[in-house]
């Protein structure tokens with residue numbers, strides 16, 4: 001592997017990797033829903049191909065990945081970046097994993113592990129902080145109504161704010177006062193967004209992830225951790241419902 005022809009400081013490198021994507025390239029999926037599944041909280045994400053392109057655009061050929069499978073079937077993706085700094089020039093690796101897959105024709109686990117490792121480099125991390133309102137759902141709560149998408153894209157960086165003449169959402173539940181989140185709440189929001197957007201195969205996979213990251217999750221403090229455990233139980237119940245429905 002050749003060395004890069006252009007070098008950045010570590011700060012510049014991370015800034016370029018973490019730059020927002022064009023809002024039109026960001027996709028949305030359903031997170032939490034109302035009991036009747038007519039309204040839900042949308043969660044933003046990007047495809048793995050866009051993440052790959054981001055590394056290509058910033059680093060050219062000077063990045064690489066390694067994929068491993070643990071004895072329990074967990075897929076681990078490591079992303080290596082050649083970093084040139086004042087005191088060293090070397091490969092730096094960051095890794096994360098996805099749950100068990102059968103590894104035969106199913107690339108979902110590899111793709112998810114790759115995107116999770118990319119978040120450690122800052123790629124798409126800003127999407128976890130998007131404060132999206134409740135929106136109208138269709139298809140029995142499985143999809144976001146098309147007319148809601150413009151409103152969601154307007155929440156993303158790079159989109160000008162709406163003109164004052166445009167109507168605001170009338171639902172008072174959606175109008176939350178702006179405030180600065182504590183560090184503990186930021187950890188909580190990040191974790192909740194992760195468990196609701198991740199493609200869990202079984203409740204046991206979610207429980208295994210919780211145990212693996214228990215030390216990191218403790219940083220949200222006891223109050224938020226108690227609340228987060230309830231969120232995990234809710235997501236686990238949704239997984240069981242999906243399995244029972246054969247989805």
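The values are calculated or read from the model by the stated rules, or taken from the named source; none is laboratory data. What you see is a predicted model; the values in this text were computed from it and never measured. Neighbour counts run over all protein chains shown; Cβ positions are idealised from the backbone, glycine included.
Given the conditions (1) modelled with pLDDT under 80; (2) in contact with a strand residue (DSSP E or B) (Cβ under 7 Å, 6 or more places away or on another chain); (3) farther than 29 Å from residue 81 by Cβ, and given that residue 193 satisfies all but one, which numbered condition is not satisfied?
Result: residue 193 fails condition (3) only.
Residues 51, 81: which one is surrounded by 15 or more Cβ atoms within 10 Å (Cβ to Cβ), in contact with a helix residue (DSSP H, G or I) (Cβ under 9 Å, 6 or more places away or on another chain) and under 18 Å from residue 11 (Cα atoms)?
81
Quick one: count up the residues across the range 20-48 that are touching a residue at least 40 places away in the same chain (Cβ under 8 Å), assigned to a strand (DSSP E or B) and farther than 12 Å from residue 118 by Cβ.
12
Return the only residue of 180, 184 being farther than 22 Å from residue 28 by Cβ, part of a loop (DSSP other than H, G, I, E, B) and modelled with pLDDT under 80.
180
Identify the residue in the range 203-247 that is more than 19 Å from the chain's Cα centre (by Cα) and not in a helix (DSSP H, G or I) and, among all such residues, is nearest to residue 47 (Cα to Cα).
Top of the filtered list is 247.
A quick yes/no check of all residues on (1) assigned to a strand (DSSP E or B); (2) in contact with a strand residue (DSSP E or B) (Cβ under 6 Å, 6 or more places away or on another chain); (3) modelled with pLDDT under 90:
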site	(1), (2), (3)
50	no, no, no
57	no, no, no
66	yes, yes, no
95	yes, yes, no
98	yes, yes, yes
102	no, no, yes
112	no, yes, yes
117	no, yes, no
127	no, yes, no
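Are there any pairs, at least 6 apart or on different chains, whose C-beta atoms fall under 7 Å, with the first in the range 215-235 and under 9 Å from residue 188 (Cβ atoms) and the second loosely packed, with under 15 Cβ neighbours inside 10 Å and at pLDDT 85 or above, and if so, which?
225/218
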